[in-house]
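*Asks:* Quick one: the structure is below, questions incoming.
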Amino acid sequence: MEVATIEKQLLLRDVVGHKGGMLATALAQLDLACDQLRINEGIRSLLRESERELIVSIPVRMDDGSIEVFKGYRVQHSSARGPCKGGIRYHPHTNLEEVRALALLMTLKCAVVNLPLGGAKGGVQVEPRDLSERELERMTRRYAAMILPLLGGKRDIPAPDVNTGEQTMAWFMDTISMLTGDSVPEVTTGKPIPLGGSQGRVEATGRGVAIAAAEIFRRIENDTKDATVAIQGFGNVGQHAARILSNEFGCNIVAVSDISGAYYNPEGLDVQGAIEYVSRHPDNLLEGYGENAGVERITNADLLTLNVNLLIPAAIEDQITVQNADRIQAPVVVEGANGPTTFEADQILSEKGIHIVPDILANSGGVIVSYFEWVQDLQSFFWEANEVNQQLNRKMVNAFHEVWEVSEIGQISLREAAYQLGVERVAHAVTIRGIFP
Ligand code: NAD
């Protein structure tokens with residue numbers, strides 16, 4: 001057996017033997033890259049840990065006058081290559097371990113696409129649908145105030161993630177402005193355009209996913225035209241990926257889903273109709289979509305194993321696992337979500353010959369345009385939409401090319417190649433900065 005295979009199997013045993021989950025998966029991939037690159041033990045230990053972690057208890061006065069307390073987190077994984085960058089999510093299952101994993105992925109993502117940024121992530125353990133708009137605003141402002149010591153355009157710059165969006169970032173920026181007395185558009189990205197947001201940011205992650213899909217199809221000599229696509233998750237990433245793949249790359253989106261279920265039409269869905277449906281319906285859900293329109297309601301589990309040309313998990317982590325990996329039929333998986341495939345499932349898909357474009361490359365479009373937004377805010381000079389999209393395309397295609405080259409030369413998967421590229425760049429930055437004193 002080859003050394004690399006033995007290493008992978010030992011890591012696999014470690015992951016399975018422990019609790020599993022996104023942090024275990026990310027650390028196992030990190031360890032594999034460190035082994036392959038023969039990274040110094042001290043630097044490996046540093047990369048396995050977060051640089052700084054803050055846990056806050058956020059008191060919120062509810063509309064009925066009572067007080068509820070929510071747990072919030074902000075984790076900075078590494079500032080070796082620049083200010084920390086990473087989204088904020090609101091989710092009932094958010095916890096410190098998940099936020100740690102997501103912060104580590106952000107460090108590697110920024111390095112893979114060669115941005116001068118480090119990695120961070122934040123989150124609040126809350127079901128935002130249970131809060132009124134006013135309660136959500138009060139919680140967001142209090143959370144922003146409580147993690148303010150870590151934030152700043154030269155320190156740590158939040159962005160939207162699951163269940164957060166432009167409005168969340170506007171409240172964040174305004175709270176920081178109120179507390180510091182400075183106008184600080186560069187302190188968050190993903191803001192509304194009138195507050196210093198960038199053209200193209202809202203759709204950037206989905207656009208990047210579409211570009212990554214087109215690149216992998218080109219490499220394996222397939223055409224995106226008429227390719228059938230199933231997308232799990234119909235929020236920011238899923239909706240824009242569906243729209244752009246359908247309108248600009250000629251794909252046929254046959255299934256989409258959200259927490260209400262999955263919706264399938266083998267002939268193809270009307271993507272624009274689905275987006276409009278969601279925007280008109282409570283909690284932006286697909287619930288009830290397609291009744292009487294030839295659309296079959298299936299489960300999220302069924303969607304993942306459909307016989308399609310391209311599968312895009314764009315919901316949350318740990319969706320492709322040992323339970324379903326051997327039933328995945330799509331020959332190409334492009335990871336819109338962070339950490340949708342567990343370490344064990346990744347090995348199974350690879351053994352089946354499935355091409356996986358990993359999260360730290362596939363969904364980097366969001367942070368790339370966040371970087372452009374930060375640059376525009378610092379310069380108070382704003383770009384046209386076509387310039388943003390051209391620069392995004394250039395960065396994604398270059399990064400894809402670099403990852404592809406590493407994978408071809410080393411005869412390793414795209415995920416291993418992306419981790420190698422990211423880990424090497426971060427380790428190099430740590431080394432040349434030096435450890436003081
Ligand atoms: P979102 O909140 O806008 O949408 C999430 C979607 O997933 C919703 O349709 C929701 O109903 C669905 N969903 C949630 N849990 C589900 C489940 N268990 N089964 C099926 N569907 C489920 O979030 P988003 O911003 O689109 O983020 C989606 C993923 O992409 C996350 O993993 C996020 O970290 C990642 N991501 C987002 C961005 C960004 O710019 N928004 C950037 C990079 C990565």
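The values are calculated or read from the model by the stated rules, or taken from the named source; none is laboratory data. Note that the structure is predicted; figures quoted are calculated from it, not measured. Cβ sites come from the backbone with ideal geometry, for glycine too, and all protein chains shown count toward neighbours.
*Asks:* Considering only strands (runs of 3 or more DSSP E) fully contained in segment 266-354, which possess at least 2 residues that are of a type in the set (A, V, I, L, M) and away from the ligand (no atom under 12 Å from the Cβ)? Outline the logic, then answer.
*Replies:* On the way: elements: 296-298, 310-313, 332-334.
Qualifying strands (runs of 3 or more DSSP E): 310-313, 332-334.
*Asks:* Give the residues of segment 415-437 that are crowded, with 18+ Cβ neighbours inside 10 Å and without any contact (Cβ under 8 Å) to a residue 60 or more places away in the chain, sorted by residue number.
*Replies:* Passing the criteria: only A417.
*Asks:* Of the conditions (1) more than 14 Å from the ligand (Cβ to nearest atom); (2) surrounded by fewer than 24 Cβ atoms within 10 Å (Cβ to Cβ), G261 satisfies every one except a single condition; which number is it?
*Replies:* Every listed condition holds for G261 apart from (1).
*Asks:* Taking segment 265-293 on its own, how many of its residues are surrounded by fewer than 21 Cβ atoms within 10 Å (Cβ to Cβ) and of a type in the set (S, T, Y)?
*Replies:* Summing the residues that are surrounded by fewer than 21 Cβ atoms within 10 Å (Cβ to Cβ) and of a type in the set (S, T, Y) in segment 265-293 gives 2.
*Asks:* Taking V237 and the conditions (1) touching a helix residue (DSSP H, G or I) at 6+ places or on another chain (Cβ under 6 Å); (2) away from the ligand (no atom under 16 Å from the Cβ), which numbered condition does it fall short on, given that it satisfies the others?
*Replies:* (2)
*Asks:* List, please: which pairs have Cβ atoms under 8 Å, are six or more places apart or on different chains, and start with a residue in segment 126-152 that is on the phi < 0 side of the Ramachandran plot and end with one that is modelled with pLDDT under 95 and assigned to a strand (DSSP E or B)?
*Replies:* Pairs that qualify, where the first residue is on the phi < 0 side of the Ramachandran plot and the partner is modelled with pLDDT under 95 and assigned to a strand (DSSP E or B): there are none.
*Asks:* What pairs can you find where one residue is in segment 361-381 and assigned to a helix (DSSP H, G or I), the other is surrounded by 24 or more Cβ atoms within 10 Å (Cβ to Cβ) and at pLDDT below 95, and their Cβ atoms are less than 7 Å apart, with a gap of 6+ or different chains?
*Replies:* Close Cβ pairs satisfying both conditions: none exist.
*Asks:* Report yes if some residue within segment 46-57 is assigned to a strand (DSSP E or B), in contact (Cβ under 8 Å) with a residue 40 or more places away in the chain and of a type in the set (V, I, T); otherwise report no.
*Replies:* The initial filter retains those residues of segment 46-57 that are assigned to a strand (DSSP E or B), namely 52-57.
With in contact (Cβ under 8 Å) with a residue 40 or more places away in the chain added as a condition, the list becomes 52-56.
Those still in the list that are of a type in the set (V, I, T) too: 55-56.
Scanning segment 46-57, I find at least one residue that is assigned to a strand (DSSP E or B), in contact (Cβ under 8 Å) with a residue 40 or more places away in the chain and of a type in the set (V, I, T), so the answer is yes.
*Asks:* Any residue at all in segment 143-160 that is touching a Gly at 6+ places or on another chain (Cβ under 9 Å), of a type in the set (V, I, T) and closer than 24 Å to N398 by Cα?
*Replies:* Looking through segment 143-160, none of the residues is touching a Gly at 6+ places or on another chain (Cβ under 9 Å), of a type in the set (V, I, T) and closer than 24 Å to N398 by Cα.
*Asks:* It is to be established whether one or more residues within segment 211-220 are out of contact with any Asp or Glu (no Cβ under 8 Å at 6 or more places or on another chain), among the small types (G, A, S) and within 16 Å of the ligand (Cβ to nearest atom).
*Replies:* Taking segment 211-220 and keeping what is out of contact with any Asp or Glu (no Cβ under 8 Å at 6 or more places or on another chain), we get 211-216, 218-220.
Imposing the further condition that a residue be among the small types (G, A, S) reduces the set to 212-214.
When the remaining residues are screened for being within 16 Å of the ligand (Cβ to nearest atom), the result is 212-213.
For segment 211-220, residues out of contact with any Asp or Glu (no Cβ under 8 Å at 6 or more places or on another chain), among the small types (G, A, S) and within 16 Å of the ligand (Cβ to nearest atom): present.
*Asks:* Which of the residues that make up segment 138-178 are more than 20 Å from Q376 (Cβ to Cβ), under 17 Å from the mean Cα position of the chain (by Cα) and not polar (S, T, N, Q)?
*Replies:* D161, V162
*Asks:* Also, I was wondering about something else. Filter segment 355-376 for residues that are more than 12 Å from the chain's Cα centre (by Cα) and within 16 Å of the ligand (Cβ to nearest atom) and give the result.
*Replies:* First pass over segment 355-376, keeping only residues more than 12 Å from the chain's Cα centre (by Cα): 355-357, 369-376.
Passing the criteria: I356, V357, V369, S370, Y371, F372, E373, W374.
*Asks:* Here's a follow-up. In this structure, does P92 turn out to be within 21 Å of L151 (Cβ to Cβ) and either at pLDDT 95 or above or touching a Gly at 6+ places or on another chain (Cβ under 9 Å) (or both)? Outline the logic, then answer.
*Replies:* Numbers: within 21 Å of L151 (Cβ to Cβ): no; either at pLDDT 95 or above or touching a Gly at 6+ places or on another chain (Cβ under 9 Å) (or both): yes.
No; evaluated as a whole, the condition is false for this residue.
*Asks:* Does R129 satisfy the condition of being farther than 13 Å from I88 by Cα, within 15 Å of the ligand (Cβ to nearest atom) and surrounded by fewer than 18 Cβ atoms within 10 Å (Cβ to Cβ)?
*Replies:* Details: farther than 13 Å from I88 by Cα: yes; within 15 Å of the ligand (Cβ to nearest atom): yes; surrounded by fewer than 18 Cβ atoms within 10 Å (Cβ to Cβ): yes.
For R129, the condition - farther than 13 Å from I88 by Cα, within 15 Å of the ligand (Cβ to nearest atom) and surrounded by fewer than 18 Cβ atoms within 10 Å (Cβ to Cβ) - is met.
*Asks:* Mind telling me which of the residues R89, R100 ends up being under 30 Å from F400 (Cα atoms), within 16 Å of the ligand (Cβ to nearest atom) and assigned to a helix (DSSP H, G or I)? Explain how you work it out, then say what you get.
*Replies:* On the way: R89 fails: assigned to a helix (DSSP H, G or I).
Only one candidate passes the filter, namely R100.
*Asks:* Out of curiosity, is R327 out of contact with any His (no Cβ under 9 Å at 6 or more places or on another chain), more than 30 Å from G153 (Cα to Cα) and free of Cβ contacts under 8 Å to residues at least 12 places away in the same chain?
*Replies:* Values: out of contact with any His (no Cβ under 9 Å at 6 or more places or on another chain): yes; more than 30 Å from G153 (Cα to Cα): yes; free of Cβ contacts under 8 Å to residues at least 12 places away in the same chain: no.
Spelling it out, it is not the case that R327 is out of contact with any His (no Cβ under 9 Å at 6 or more places or on another chain), more than 30 Å from G153 (Cα to Cα) and free of Cβ contacts under 8 Å to residues at least 12 places away in the same chain.
*Asks:* Which residue is farthest from the ligand (Cβ to nearest atom), if the candidates are limited to segment 132-167 and must be buried (at least 19 other Cβ atoms within 10 Å of the Cβ) and small (G, A, S)?
*Replies:* Ranking the qualifying residues of segment 132-167, first place goes to A144.
*Asks:* Which ones in segment 225-251 are farther than 15 Å from V162 by Cα and either of a type in the set (A, V, I, L, M, F, W, C) or buried (at least 21 other Cβ atoms within 10 Å of the Cβ) (or both)? I'd like the intermediate steps shown before the answer.
*Replies:* Start the filter on segment 225-251 by keeping residues that are farther than 15 Å from V162 by Cα, which leaves 225-231, 241-251.
Those that are farther than 15 Å from V162 by Cα and either of a type in the set (A, V, I, L, M, F, W, C) or buried (at least 21 other Cβ atoms within 10 Å of the Cβ) (or both): A227, V229, A230, I231, A241, A242, I244, L245, F249, C251.
*Asks:* Then there is this: Just name the residue that is modelled with the highest pLDDT out of those in segment 128-162 that are in contact with a Lys or Arg (Cβ under 6 Å, 6 or more places away or on another chain) and not in a helix (DSSP H, G or I). Quick ask: steps written out before the conclusion?
*Replies:* Narrowing segment 128-162 to residues in contact with a Lys or Arg (Cβ under 6 Å, 6 or more places away or on another chain): 147, 150, 157, 161-162.
Subsequent filtering for residues that are not in a helix (DSSP H, G or I) retains 157, 161-162.
Numbers: I157: 98, D161: 95, V162: 94.
Looking at residues that are in contact with a Lys or Arg (Cβ under 6 Å, 6 or more places away or on another chain) and not in a helix (DSSP H, G or I), I get I157.
*Asks:* Also, quick follow-up: Do we find that G208 is surrounded by 24 or more Cβ atoms within 10 Å (Cβ to Cβ), on the phi > 0 side of the Ramachandran plot and in contact (Cβ under 8 Å) with a residue 60 or more places away in the chain in this structure?
*Replies:* Numbers: surrounded by 24 or more Cβ atoms within 10 Å (Cβ to Cβ): yes; on the phi > 0 side of the Ramachandran plot: no; in contact (Cβ under 8 Å) with a residue 60 or more places away in the chain: yes.
Considered against the rule, which asks whether it is surrounded by 24 or more Cβ atoms within 10 Å (Cβ to Cβ), on the phi > 0 side of the Ramachandran plot and in contact (Cβ under 8 Å) with a residue 60 or more places away in the chain, G208 comes out as no.
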